[in-house]
Amino acid sequence: MLLRTASHGIAPAIALDFLIPRTILCQTLSRADRRHVGSLHTSPRRHQSSTAQPLRRSPLSSTRGNTAGLSQLTQDLDVFDEQSLAGLTHAQIDAYNSTMPKLRAALHHGDVGKVRKLWTLLKSRNSLAFFGPHHHGMCARGVAEICKKTPPRQLGEDIELVLRDMAMHSAAAGATEGLKALMLCAIKDRRPDDALALYEEYLGKLREKGLLRSDDPESEESEEDSEEDEFPSLSPIRDEVLLSAIVAHAQRDSFYDALQLYLKADTRIAQSTVEDFTHILHFDRALSAKMNQYARRLSTASLLARPPTLMKHLANLTRDSATISLEKLYTSTIAGARDPDPWLAITPEELSATRVVLLPDFFWPSFIKSFLACRQTNIVVQVWDDMLKFGVKPPLAAWNALLDGYGHIRELKSVLQVWELMHKQGVKPDALSHRALISAYLTVGQADDALVRFHAFEREYLKRGSSMGDSGALAVYNTTLHGLLFASRVDDALEIKKKMQTNGPKPDITTYNTFLRYHGRKGELKSMARILQELEPAGVKADIFTFSTLLASMIRVRADAGKIVVNFMRKQGVEPDTTALTAIIDHQLEERTPQGFKVAMELLSKMERGEFGDAKPNAITYTSVLTAINRGDWLSKQVVEEYSQRLWETMRTRGIKPNRTAYNVLLRASLENKEPEGLENALRYYRDMVNSRVHMGTDTWYIMLKGLMDRKRWEEAEMVVEDMRKYKLNRITSSL
């Protein structure tokens with residue numbers, strides 16, 4: 001348990017008895033019934049009312065249908081059957097143009113008999129192939145309005161079949177309002193199987209269009225936006241249709257079926273869609289509550305089923321110290337392995353027809369390290385306890401996460417307790433364990449003790465040789481060198497480097513960069529030159545860190561620093577082009593220091609003045625700088641605003657068209673500024689983006705709408721929604 005003190009500013013004493021398995025717990029685990037089962041392979045929105053457009057008499061060339069994914073916000077409605085109009089007669093065109101206004105009027109007045117007659121007529125003439133987005137939207141909205149007035153089953157079988165056909169045809173083209181209405185009618189009538197049959201038919205239509213593969217999973221793996229978890233992923237399956245199917249499963253009280261359906265769909269449901277359905281299901285509050293519960297659990301399951309995405313998400317939450325989000329994610333994950341309805345397998349042996357998601361092997365170490373990075377030591381106790389309760393033997397990576405995490409927050413006493421417990425429980429430390437222990441000593445300024453530990457490791461390395469693994473051993477040596485140089489123990493560091501050159505592990509570029517950085521910060525250019533001269537004999541190539549460190553040191557004292565670095569880059573076989581220099585700027589800004597910012601801006605200015613020949617800044621260069629200075633609070637707001645505006649104006653002056661990423665950075669930064677000028681700047685950038693016809697994606701709409709809604713600027717938000725509709729229609733029309 002963690003013992004907290006009430007003293008003023010005194011760090012809490014940490015006892016690590018939670019690491020030792022409790023007797024009672026062991027007895028409980030020994031009685032637990034371990035199941036061995038098989039595995040299952042898994043791998044309300046309003047539409048703008050528009051008039052149906054008549055066909056023109058002049059022949060049109062054949063066009064090619066787009067097959068882009070349909071996301072929650074962008075609503076790409078440009079996927080539909082097309083055929084050449086060149087062979088149509090004037091009579092056929094006149095017949096089509098006379099029928100469509102009648103269909104529109106019949107839908108508007110709810111004249112279902114006339115709707116059936118006109119739809120049947122259009123189908124018999126094969127006219128549905130000429131439908132465009134206006135027509136699909138008109139039919140989808142018409143079906144939805146009819147469903148609101150009268151349940152389809154009360155209109156007769158013939159009418160119900162026509163409405164279903166209209167809704168399905170429109171849904172396959174991206175207009176899903178009618179299909180959603182039919183599914184919800186079935187759910188309201190407590191016919192969940194009928195709603196699920198509609199969903200399966202919808203998938204079949206998407207497969208017919210080539211938008212879904214015929215085999216599982218039902219869609220290609222989507223491209224995740226790790227930084228913004230709220231963004232829906234791109235998929236041809238619309239999330240409102242998917243959620244309707246999940247509600248049907250909730251009505252059947254079948255979470256496992258909902259989970260399999262969700263994982264196969266390979267998309268995510270936007271929170272806004274869940275909120276819409278909460279209101280739509282007002283007729284059944286219990287079902288609405290269950291839908292919300294399912295949505296939360298499915299979101300967690302989907303994230304765990306994509307380990308790379310989960311890892312990025314954890315890194316982002318840790319970087320932002322998002323403790324609440326971290327804890328919610330952890331809690332919802334653990335709940336997935338417990339009754340009722342467990343869907344998570346802690347070990348591969350537990351995979352079954354119901355436990356269909358396997359917990360990633362990095363889960364425990366990653367959460368331990370993340371919680372410690374956020375100083376949530378009490379939650380780490382719970383994590384360790386949960387591991388033991390689930391019968392998981394803590395892996396070495398989890399022990400190392402404890403050593404690293406406690407060392408990072410300068411809790412040396414806790415590090416030593418963990419180290420002692422590792423030995424008591426027969427856990428053999430590896431090179432990374434030693435690295436964490438040595439780093440903990442160096443972090444609190446105990447260099448002498450760190451050297452004692454290092455020399456013990458050194459003797460073990462020399463004794464066992466390469467069997468310890470040079471990569472892990474090298475990490476120990478480089479960490480020790482960094483800490484010693486930081487403590488100004490240069491002689492000790494040089495002695496270790498000399499031993500590395502003689503006995504191994506051989507120094508790598510990280511080793512030399514560590515010395516370069518030390519001497520560079522002290523302005524010792526001659527010492528830096530000596531280090532650089534050692535690279536070629538050692539067979540080591542310089543990297544971007546090397547060039548960046550060299551430039552940062554020389555630019556303060558040499559007017560020709562840029563030329564010197566460029567010549568050195570060429571000597572190392574690296575062409576100092578725009579890409580390489582942009583990487584150096586990136587590296588300087590990643591340090592998030594005033595000096596790094598100054599060096600980056602000076603290098604950018606030199607590129608702008610043409611001091612590096614053809615290596616001039618491009619859109620990527622400026623976008624990279626804008627992103628770095630607007631991320632976090634390491635620069636003052638005044639500096640960020642001043643340089644953002646200057647960079648923006650420079651781009652326009654140089655004829656560099658900002659890309660979507662650059663606009664998104666500026667929009668987000670402006671909307672986060674709560675002052676009136678923040679909103680003014682955001683709207684100015686947004687209007688410029690619209691006027692410049694820059695492609696807008698889900699991320700742009702999300703940033704704008706969330707920022708405006710947070711400010712309660714409803715009028716501007718409505719303007720953006722209107723632009724979304726116009727953008728959608730213009731984009732589709734341009735492809736015809």
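The values are calculated or read from the model by the stated rules, or taken from the named source; none is laboratory data. As the structure is a computational prediction, the values presented were derived from the model and not from experiment. Because the Cβ atoms are built from the backbone with ideal geometry, glycine has one as well, and the counts that use them run over all protein chains shown. For accessibility, only protein heavy atoms count, side chains too; no ligands or nucleic acids. Shrake-Rupley method; radii C 1.70, N 1.55, O 1.52, S 1.80 Å.
Quick check on Glu575: is it exposed (fewer than 15 other Cβ atoms within 10 Å of the Cβ) and either modelled with pLDDT under 85 or of a type in the set (Asp, Glu) (or both)? Considered against the rule, which asks whether it is exposed (fewer than 15 other Cβ atoms within 10 Å of the Cβ) and either modelled with pLDDT under 85 or of a type in the set (Asp, Glu) (or both), Glu575 comes out as yes. Taking the stated definitions as given, is Lys290 open to solvent by 20 Å² or more (accessible area, probe 1.4 Å), more than 26 Å from Ile379 (Cβ to Cβ) and either part of a helix (DSSP H, G or I) or of a type outside the set (Phe, Trp, Tyr) (or both)? The answer is yes for Lys290.
Is there a residue in segment 323-339 that is modelled with pLDDT under 90, open to solvent by less than 60 Å² (accessible area, probe 1.4 Å), part of a loop (DSSP other than H, G, I, E, B) and more than 19 Å from Ile269 (Cα to Cα)? No - not one qualifying residue is present in segment 323-339.
The one condition from (1) assigned to a helix (DSSP H, G or I); (2) under 24 Å from Glu460 (Cα atoms); (3) open to solvent by less than 10 Å² (accessible area, probe 1.4 Å) that Thr502 does not meet is (3). Could you go through segment 697-705 and let me know if any residue there is at pLDDT 80 or above and either assigned to a loop (DSSP other than H, G, I, E, B) or open to solvent by 70 Å² or more (accessible area, probe 1.4 Å) (or both). Looking for residues that are at pLDDT 80 or above and either assigned to a loop (DSSP other than H, G, I, E, B) or open to solvent by 70 Å² or more (accessible area, probe 1.4 Å) (or both), one finds none in segment 697-705, hence no. For segment 615-636, the condition of being polar (S, T, N, Q), open to solvent by less than 20 Å² (accessible area, probe 1.4 Å) and either in contact with a Ser or Thr (Cβ under 7 Å, 6 or more places away or on another chain) or under 25 Å from Val566 (Cβ atoms) (or both) holds for at least one residue. Taking the conditions (1) modelled with pLDDT of 90 or more; (2) of a type in the set (A, V, I, L, M); (3) closer than 17 Å to Ala197 by Cα in turn, Val274 satisfies each one other than (3). Inspect segment 294-310 for any residue being over 23 Å from Phe371 (Cβ atoms), open to solvent by 70 Å² or more (accessible area, probe 1.4 Å) and in a helix (DSSP H, G or I) and give the result as yes or no. No: zero hits. Count of segment 421-453 residues, restricted to those that are under 39 Å from the mean Cα position of the chain (by Cα) and surrounded by 12 or more Cβ atoms within 10 Å (Cβ to Cβ), is 22.
Taking the condition at pLDDT 90 or above and within 23 Å of Gln260 (Cβ to Cβ), does Asp194 pass? Here the answer is yes, as Asp194 does meet what is asked. Can we say Met719 is at pLDDT 80 or above, open to solvent by 30 Å² or more (accessible area, probe 1.4 Å), of a type outside the set (Asp, Glu) and closer than 20 Å to Arg660 by Cβ? Yes; evaluated as a whole, the condition is true for this residue.
Looking at this structure, is Ile564 within 29 Å of Asn659 (Cα to Cα) and open to solvent by 20 Å² or more (accessible area, probe 1.4 Å)? Show your work before the answer.
Numbers: within 29 Å of Asn659 (Cα to Cα): no; open to solvent by 20 Å² or more (accessible area, probe 1.4 Å): yes.
No; evaluated as a whole, the condition is false for this residue.
Select from segment 436-449 the residues that are closer than 10 Å to Thr479 by Cβ and either modelled with pLDDT under 95 or among the acidic types (Asp, Glu) (or both) and list them in ascending order. Listed by number, the list is empty, since nothing qualifies. Could you grab me the full set of residues in segment 537-574 that are among the hydrophobic types (A, V, I, L, M, F, W, C), part of a helix (DSSP H, G or I) and more than 35 Å from the chain's Cα centre (by Cα)? Selection gives Ala538, Met554, Ala561, Ile564, Val565, Val566, Phe568. Among residues belonging to segment 653-672 that are surrounded by fewer than 18 Cβ atoms within 10 Å (Cβ to Cβ) and at pLDDT below 85, point out the one that is nearest to the chain's Cα centre (by Cα). Among those that are surrounded by fewer than 18 Cβ atoms within 10 Å (Cβ to Cβ) and at pLDDT below 85, it is Thr661. Determine the pairs where a residue that is of a type in the set (Asp, Glu), located within segment 277-288, has a partner that is open to solvent by less than 50 Å² (accessible area, probe 1.4 Å) and at pLDDT 90 or above with Cβ atoms under 9 Å apart, the partner being 6 or more residues away or on another chain. Sorted first by the residue in segment 277-288, then by its partner, the pairs are Asp284/Ile187; Asp284/Gln251.
Looking at segment 243-271 only, could you name the residues that are hydroxyl-bearing (Ser, Thr, Tyr) and either under 25 Å from the mean Cα position of the chain (by Cα) or closer than 14 Å to Pro192 by Cα (or both)? Scanning segment 243-271 gives Ser244, Ser254, Tyr262, Thr267. Please tell me if Met689 is open to solvent by 70 Å² or more (accessible area, probe 1.4 Å) and modelled with pLDDT of 80 or more. So Met689 fails the test. Taken together, Leu344, Leu412, Leu358, Leu396 contain a single residue that is open to solvent by 20 Å² or more (accessible area, probe 1.4 Å), of a type in the set (A, V, I, L, M) and over 27 Å from Gly472 (Cα atoms), which is Leu358.
For a quick check of your reading of the model, give me the residue pairs whose first member lies in segment 423-435 and is of a type in the set (D, E, K, R), whose second is open to solvent by less than 40 Å² (accessible area, probe 1.4 Å), with beta-carbon atoms closer than 7 Å and at least 6 apart or on different chains. What qualifies is Asp430/Gly472; Arg435/Ala475; Arg435/Val476; Arg435/Thr479.
Identify all residues within segment 689-699 that are more than 15 Å from the chain's Cα centre (by Cα) and hydroxyl-bearing (Ser, Thr, Tyr); write none if there are none. Of everything in segment 689-699, just one residue is more than 15 Å from the chain's Cα centre (by Cα) and hydroxyl-bearing (Ser, Thr, Tyr), namely Ser692.
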